[in-house]
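Q: If you scroll down you'll find the structure; I have some questions about it.
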Amino acid sequence: MLKVFNQPFPFYSNVPKNLLRYFLLGCLIAFFLIYFQPFGTDRATLPYKKLFLSGYGWITFLAFSFVFIVLPKLFPRPFYEENWVVWKQIMLNMVALGLTFLGCYLYLYAYFEATISWSGFLRFSLGIFPMAVVPAAITVLLDYIYLLKKHQGVANQFNAEIKPATPTATTFNLQDENGKVDFTVRLDQLIFVKAASNYVEINYQEGEDIKRYLLRNSIRNIESQLEHAAINRCHRSYLVNLEKVGRITGNAQGYKLHFPFTAEYVVPVSRAKGKQLLQILREKAS
């Protein structure tokens with residue numbers, strides 16, 4: 001069971017969708033507080049009581065938006081999806097909840113002009129902690145299970161349909177960043193290309209061996225030099241030769257491409273590219 005916490009999990013980086021998600025979350029919080037009036041608020045007599053309670057919804061929206069949208073923009077490296085797993089998603093939710101608790105505590109005590117203290121914040125947080133933390137963790141786990149089953153099902157269905165591709169002998173003369181031809185490779189040799197800082201790592205077959213060649217250029221420029229229907233930009237850091245793909249596996253983040261001649265190399269497929277790539281592969285298999 002504990003292994004699930006180290007499994008890959010998607011990091012949702014689409015800003016408009018995230019804003020909508022957390023706006024709806026804030027609306028849900030506001031509705032819950034106004035309709036059910038828990039924590040003794042049903043006994044409180046306040047002017048503009050519903051407006052006051054809706055403020056907690058806005059605080060939730062702002063706290064989650066800051067943690068899941070602003071922080072990844074300010075410090076992108078820790079949030080790269082390649083290294084994102086279930087426990088990190090749960091912990092980030094805890095951070096967002098902690099910030100929400102702090103905002104709600106300050107909002108409450110500022111409204112009543114009461115004395116603010118760490119002990120008061122602790123009592124306030126412990127009062128609502130079980131109602132927020134457990135559902136947040138369970139939601140992440142359920143999301144993981146749903147995405148895992150969905151992607152595994154699609155991958156299994158596709159693997160039953162996939163057919164070996166006919167090798168193509170097209171030759172590419174790849175240039176470095178200065179426009180000088182630096183490496184020549186045939187399509188039936190090329191496996192995938194990976195971005196590596198200021199270089200690209202070309203992975204190719206030579207007989208039964210798999211070799212690598214570092215070429216100083218960007219993957220965007222190399223993509224323009226590898227214009228062929230079999231070459232696909234499946235990820236921001238990868239170009240893959242679809243004629244070499246043997247099977248697909250799925251996890252919560254999306255899909256992975258595998259090659260029949262090696263188990264060492266696996267190419268990820270970004271969530272944005274998943275549907276398009278599967279459609280291309282299906283067309284090739286038909």
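Q: Non-local amide H neighbours of Leu190 (under 5 Å, H modeled in plane, Pro and chain starts lacking H): which ones?
A: So Leu190 has HN proximity to Gln205.
Q: Here is a further query. Please work out the average accessible area per residue across the chain, using the 1.4 Å probe convention, and give it in Å². Walk me through the numbers on the way to the answer.
A: On the way: 16690 Å² over 286 residues.
Ligands and nucleic acids excluded, the figure is 58 Å² per residue.
Q: Working with all protein chains in place, sort Phe31, Phe261, Phe11 by solvent-accessible area computed with a 1.4 Å probe, largest first.
A: Details: Phe31 120, Phe261 80, Phe11 15 Å².
Reading off the accessible areas and sorting them downward yields Phe31, Phe261, Phe11.
Q: If I compute solvent accessible area with a 1.4 Å probe over the protein chains, what percent of it on the chain is carbon and sulfur?
A: Numbers: 10050 of 16690 Å².
That share works out to 60 percent.
Q: What value, in deg cm²/dmol to 500, does the helix sum -39500 (n - 2.57) over DSSP H runs of n ≥ 4 give at 222 nm once divided by the residues of the chain?
A: Numbers: 7 runs with 132 residues, N = 286.
-15500 deg cm²/dmol, from helical runs alone.
Q: Any idea what the dipole of the chain comes to, in debye rounded to 20, about its Cα centre with Lys/Arg Cβ at +1 and Asp/Glu Cβ at -1? All intermediate terms of the calculation are to be shown ahead of the outcome.
A: Numbers: 30 positive and 19 negative charges, 136 e Å.
So the magnitude is around 660 debye.
Q: Comparing Arg77, Arg21, Arg271, which has the greatest mean-square fluctuation in the GNM of the chain with Cα pairs linked when under 10 Å apart?
A: Maximum among the listed residues: Arg77.
Q: Next question. Connecting C-alpha atoms closer than 10 Å in a GNM of the chain, tell me which of Leu19, Leu214, Leu46 has the biggest fluctuation.
A: Leu46
Q: If you don't mind, another one. Expressed as a whole number of Å, what is the distance separating the alpha-carbon centroids of the stretch 126-152 and the stretch 67-104?
A: Centre-to-centre distance over Cα atoms comes out at 15 Å.
Q: Given the options Ala44, Ala110, Ala132, state which has the largest fluctuation in a GNM of the chain using a 10 Å cut-off (strictly under) for Cα springs.
A: Ala44
Q: Please work out whether the stretch 112-204 counts as rounded, prolate or oblate from its C-alpha gyration tensor, where a ≥ b ≥ c are the square roots of the eigenvalues and a/c under 1.5 means rounded, while otherwise a/b larger than b/c means prolate and anything else oblate?
A: oblate
Q: Farthest toward the dipole's positive end in the chain, which of Phe158, Gln276, Ala30, given Cβ charges of +1 (Lys, Arg) and -1 (Asp, Glu) about the Cα centre?
A: Comparing the listed Cα positions along the dipole, Ala30 ranks first.
Q: Further question on the same structure: Sorted by accessible area with a 1.4 angstrom probe, largest first, how do Glu161, Glu264 fall?
A: Listed by decreasing accessible area, they come as Glu264, Glu161.
The values are calculated or read from the model by the stated rules, or taken from the named source; none is laboratory data. Here the structure is a predicted model, which means the values were calculated and not measured. Cβ coordinates were reconstructed from backbone atoms using ideal geometry, including for glycine residues, and neighbour counts include every protein chain displayed. With ligands, DNA and RNA removed, areas are computed over all heavy atoms of the protein, side chains included. Shrake-Rupley method; radii C 1.70, N 1.55, O 1.52, S 1.80 Å.
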